1. Hey, can you tell me all the residues within the range 45-80 that are exposed (fewer than 12 other Cβ atoms within 10 Å of the Cβ), farther than 27 Å from Glu91 by Cβ and within 32 Å of the chain's Cα centre (by Cα)?
2. Filter the range 203-225 for residues that are surrounded by fewer than 13 Cβ atoms within 10 Å (Cβ to Cβ) and either over 30 Å from Ala103 (Cα atoms) or touching a residue at least 60 places away in the same chain (Cβ under 8 Å) (or both) and give the result.
3. Tally time: how many residues in the range 90-121 are modelled with pLDDT of 90 or more and basic (Lys, Arg)?
4. Looking at the range 81-94 only, could you name the residues that are polar (S, T, N, Q) and either open to solvent by less than 80 Å² (accessible area, probe 1.4 Å) or touching a His at 6+ places or on another chain (Cβ under 8 Å) (or both)?
5. Restricting the first residue to the range 138-151 and requiring it to be more than 15 Å from Ser162 (Cα to Cα), which pairs with a second residue that is among the basic types (Lys, Arg) and part of a helix (DSSP H, G or I) meet a Cβ separation below 8 Å and a spacing of at least six or different chains?
6. Any residue in the range 265-281 that's among the basic types (Lys, Arg): show its pairings with residues that are assigned to a helix (DSSP H, G or I) at Cβ separation under 6 Å, as long as the two are six or more apart or on different chains.
7. Pairs under 7 Å by beta carbon, first residue over 21 Å from Pro182 (Cβ atoms) in the range 238-250, partner among the polar types (S, T, N, Q), six or more apart or different chains?
8. Testing Gly242 on (1) in contact with a Leu (Cβ under 9 Å, 6 or more places away or on another chain); (2) farther than 26 Å from Ile67 by Cβ; (3) at pLDDT below 85; (4) of a type in the set (Gly, Ala, Ser), one condition comes back false. Which one is that?
Amino acid sequence: MAVFRIPLERLLLLVVASLVIFAAMNLLPGDPAAVMLGLDASPESLAALHQKLGLESSPPARYLHWISAFIRGDLGRSYIYDVPVRSLIGERLQSSLPLILLAMLLSLGTGITLGVMAAAKRGTLLDTSLMGFLQLFKSIPDFLLAMMMTFLFSLTLHWLPSSGFPGWHDGILPALRALTLPAIALAIPQAAITARFMRSSLIETLSQDFICTARAQGYSRRGVLWHIAVPNALIPVLTLTGIQLPVLVTGTIIVESVFSLPGCGKLLLEAVNQRDIPVVQNLVMLIVASVIVLNIVMTILIRWFDPRLETDLS
């Protein structure tokens, strides 16, 4: 039974998330038809648009229609753009998905490296300085960090573009240059958290008995650190990565707005402001489902790294 408990919990979470999303968009004040037609629209025009959009049905009927269509893969049409939501999201993923992946790689690579350096030099000036800088960067909000980096690297040094995304059809290098600053702005706070977590995990690992046994068997200090201690200390960091994924996803909403990236985060913000219900409902639901799937993948990876944790994670 333990094998199936995690999927059932995630399924329940999806159901609750769908109810919250639907309630937030459909039960709050405001009429999408009035937003689309304007304040001067006639009652007849509003009634006709309500009929076309299916807004005349009861909330339970609208919820069941939406969630059944979502399960079938039918995401409907955007109220504002009048195009299929699936194609609209697919187009915006061309910048959002690489941005999240690049930010995650930068966060993990930088955080793990700095964490190992701090743990290896525990109690020294390097350790104290690194922890101080990491605490500073962890406390800076994403939007402020994004604006500071834009001012320094784009407007002052002119090293990287400050906004926009040329698309992958113009080449990989221009696209990566456009994503570099947003990815760094997303990654720095998470890298600071990862580094502090990695430092604590590695210090605890280095105090274990098997480390002393390895040193007694003739392993060098460097060999014990990188070949024995670091792999064991990475397991809690993988758990942290599953927690950081939703933070990176939500952070794209702010970062894409600051850097004018045509991604899903900016699309979601625009859709909320314009009451584009099909876009908001389906996009948020896809984000929740993706985060849940990725967390399950991280759980499987953790079990693969250390099968002893299978009972605890089940």
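The values are calculated or read from the model by the stated rules, or taken from the named source; none is laboratory data. What you see is a predicted model, and the numbers here were worked out from it, not measured in a lab. All Cβ positions, glycine included, derive from the backbone under ideal geometry; neighbour counts span all protein chains shown. Quick note on the areas: whole protein, heavy atoms, side chains included, nothing else; ligands and nucleic acids left out. Shrake-Rupley method; radii C 1.70, N 1.55, O 1.52, S 1.80 Å.
1. Pro59, Pro60, Ala61
2. Once the filter is applied, which keeps residues that are surrounded by fewer than 13 Cβ atoms within 10 Å (Cβ to Cβ) and either over 30 Å from Ala103 (Cα atoms) or touching a residue at least 60 places away in the same chain (Cβ under 8 Å) (or both), the range 203-225 yields Ser207, Asp209, Phe210, Cys212, Thr213, Ala216, Gln217, Gly218, Ser220, Arg221.
3. 1
4. Result: Ser87, single match.
5. Lys138/Arg196
6. Hits for this filter: Lys266/Glu256; Lys266/Ser257; Arg275/Pro32; Arg275/Val35.
7. Pairs found: Leu240/Thr194; Gly242/Asn295.
8. (2)
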